[in-house]
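Enquirer: Here it is, the structure, as structure tokens.
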Amino acid sequence: MLAGSAFGMLWTKSAIADCTGAVLTDALISRFKSRIQGMVILPSDSGYATSRLIFNTRFNPYPVVIVRAVSESDIARTIEFARTNNIALALRSGGHSYIGASGGSGIILDLSLMNEVTSLGGANFRIGSGAQLQNVYGTMRCNGNWTIPSGSCGTVGFGGIAQGGGFGYLQRSHGLTLDRVRSARMVRADGKSVIASPNGDADLHWAIRGAGGGSLGVVTHFDVEAVPYQTIHVKGWYWPLNLADQALNKFISLQQEGILPRSATVALVFNANSAAISPPQCVCVLFSTGTLAEVEAVKQLFVGPGGIPETPGLGFEYDAESPACDPHEMPIRSHYRAKSAMVYGNVPTDTGALLKHWMERRIADPFLTLADYGTINFLTFGGAVADISPNATAFPHRQALLEVQFLGYANTQSPSVINANLNWIRGCYADLFPRLSSEGSGCYVNYCDDDLADSQWPSFYWGENYPRLQQTKLRVDPENFFHGKQSIRLPEL
Ligand SMILES: Cc1cc2nc3c(=O)[nH]c(=O)nc-3n(C[C@H](O)[C@H](O)[C@H](O)COP(=O)(O)OP(=O)(O)OC[C@H]3O[C@@H](n4cnc5c(N)ncnc54)[C@H](O)[C@@H]3O)c2cc1C
């Protein structure tokens, strides 16, 4: 612990302490600030109140210092400062971590100003870690009509999504975001910069494609290979919630039969809002880069002969400019809880009825309104995701049939709403997860869940890849400087 100050009254009186008890004096901060090219934001600065916040309002971080880095040397100096003063360091790109990993009470190293998206010629782009998806998609379209398979929310940071996976509506045609990462530059805990690539640190290249952020070092930028943009046709239709069993069984069986073309990624969404329509509904949404005839042929597999007739008059269709095309997205800072499951095999055929039950229960909850959005949604895997072997990158769930996300929002900070939301998501997950996991299980590291026990999350997120990740961790960060609630642990020696 460092204390005392020779620098005048201001900081001596109010020397800032983080949760480790370390105290930063005005002299220390002043010296540090003079070495940083970007911004150093302190609790007394006017920008602090908004800069400290992250996307999930479940967390209310009060960091001792926020550093908005603009260069690799800013990153290395911030690491050195945090190490020397024994202060926890949290890394932030877009600030969307589900478990508040980019907040905390230590130093926040914010990469949001390192957000350039640059064409390197042809399909190759360099993407700063702090770039938001909407800028990645926009710049790629404007520089040769390219795009990249990635997430549906435009404000998500590339630094976070690309290291954990990158699920989205182009995943069956083009894979995950991390599958397009050809190399990345990283500043390690010792301040050295390395290139994670097949010709550089190849093991690190393996690891950063699935490890998720916050465990190995600070990625400054990624070099990616984009894919040609093709019009993304979106078609959505509704099925009565009373037919939830048939809807889910049809969705799963079409996926199991392997007859969906790679151009199509399909979502089946149970959400409280459509379950509140009279009569209650669930929604199926098809995202396709195929021709319009192909799109209609795929839709007919679901709603035509042998399928389930759609509810008349409720469907929608449009062409999307980018993979950020979820009409139900809520890109506003909110309090939310999330959980996930990877589905590897059969699901009991009455599971849809249980989903219906949990949707109805949410709607009937006296503390929750429709503004407290709640959803359980399924997304098809396979196609390009499954072309890659489960141990070829650190992302292990290549052979999953489906991914399921549970999301519950509390629209106010009222404790009764927050509790009702928490009880709902924990209850339906406890009921449904075993059914979804009959032939293998797992969770998605980017939908990280702090309800998972320490005995669960490493194997759920990384499966058999975890021991290798631990070895990589030992090699690049042997003192476990980069650590957090669910960061990769050092192997027991
Ligand atoms: C509204 C919303 C929509 C979403 N939609 C999708 C989706 O469609 N598909 C999908 O796959 N995921 C989606 N996600 C999940 C998203 O992929 C993860 O939350 C992701 O980690 C967010 O990255 P970020 O940079 O915004 O977050 P941050 O909180 O900044 O970072 C996430 C993690 O990475 C670490 N980190 C950040 N930057 C770096 C860096 N440069 N080097 C090393 N570590 C770093 C952080 O410390 C933290 O542990 C969504 C999340 C939200 C909130």
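The values are calculated or read from the model by the stated rules, or taken from the named source; none is laboratory data. Remember, it's a predicted structure, so these values are computed and weren't measured experimentally. In this analysis, Cβ positions are derived from the backbone assuming ideal geometry, glycine residues included, and neighbour counts consider all displayed protein chains.
Enquirer: Of these, 395, 433, which one is within 16 Å of the chain's Cα centre (by Cα) and either modelled with pLDDT of 95 or more or within 23 Å of residue 266 (Cα to Cα) (or both)?
Expert: It is 395.
Enquirer: May I ask you to say which residue of 133, 109, 178 is aliphatic (A, V, I, L, M) and in contact with a Pro (Cβ under 9 Å, 6 or more places away or on another chain)? Break it down into steps so the answer makes sense when it comes.
Expert: Numbers: 109 fails: in contact with a Pro (Cβ under 9 Å, 6 or more places away or on another chain); 178 fails: in contact with a Pro (Cβ under 9 Å, 6 or more places away or on another chain).
The match here is 133.
Enquirer: Is it the case that segment 103-125 has a residue that's of a type in the set (S, T, N, Q), within 28 Å of residue 233 (Cα to Cα) and within 13 Å of the ligand (Cβ to nearest atom)? Can you show your working first?
Expert: Start the filter on segment 103-125 by keeping residues that are of a type in the set (S, T, N, Q), which leaves 105, 112, 115, 118-119, 124.
This time we only want the ones that are within 28 Å of residue 233 (Cα to Cα), so: 118-119, 124.
Right, trim to within 13 Å of the ligand (Cβ to nearest atom) and you get none.
So far as segment 103-125 goes, no, none of its residues is of a type in the set (S, T, N, Q), within 28 Å of residue 233 (Cα to Cα) and within 13 Å of the ligand (Cβ to nearest atom).
Enquirer: Follow-up question, since we're still on this one. Of all residues in segment 461-479, count the ones that are within 18 Å of residue 395 (Cβ to Cβ) and away from the ligand (no atom under 16 Å from the Cβ).
Expert: 8
Enquirer: Check off (1) assigned to a loop (DSSP other than H, G, I, E, B); (2) of a type outside the set (A, V, I, L, M); (3) within 10 Å of the ligand (Cβ to nearest atom) for residue 163 and give me the number that stays unchecked.
Expert: So residue 163 meets the others, but not (1).
Enquirer: Sort out which residues of segment 436-450 are under 13 Å from residue 404 (Cβ atoms), assigned to a loop (DSSP other than H, G, I, E, B) and at pLDDT 95 or above, and write them in order of number.
Expert: 437, 442, 443, 444, 449
Enquirer: Within segment 275-302, work out how many residues are surrounded by fewer than 20 Cβ atoms within 10 Å (Cβ to Cβ) and touching a strand residue (DSSP E or B) at 6+ places or on another chain (Cβ under 6 Å).
Expert: Of the residues in segment 275-302, 1 are surrounded by fewer than 20 Cβ atoms within 10 Å (Cβ to Cβ) and touching a strand residue (DSSP E or B) at 6+ places or on another chain (Cβ under 6 Å).
Enquirer: Can you tell me which residues in segment 31-73 are part of a helix (DSSP H, G or I) and within 26 Å of the chain's Cα centre (by Cα)?
Expert: 48, 49, 50, 51, 72, listed by residue number.
Enquirer: If I filter segment 412-426 for residues that are closer than 12 Å to residue 340 by Cα, touching a residue at least 40 places away in the same chain (Cβ under 8 Å) and of a type in the set (S, T, N, Q), do I get at least one hit?
Expert: Among the residues of segment 412-426, not one is closer than 12 Å to residue 340 by Cα, touching a residue at least 40 places away in the same chain (Cβ under 8 Å) and of a type in the set (S, T, N, Q), which makes the answer no.
Enquirer: Please indicate, with yes or no, whether at least one residue in segment 463-471 is surrounded by fewer than 16 Cβ atoms within 10 Å (Cβ to Cβ) and either closer than 28 Å to residue 56 by Cβ or touching a strand residue (DSSP E or B) at 6+ places or on another chain (Cβ under 9 Å) (or both).
Expert: no
Enquirer: Among (1) in contact (Cβ under 8 Å) with a residue 24 or more places away in the chain; (2) assigned to a helix (DSSP H, G or I); (3) crowded, with 20+ Cβ neighbours inside 10 Å, where does residue 460 come up short?
Expert: (1)
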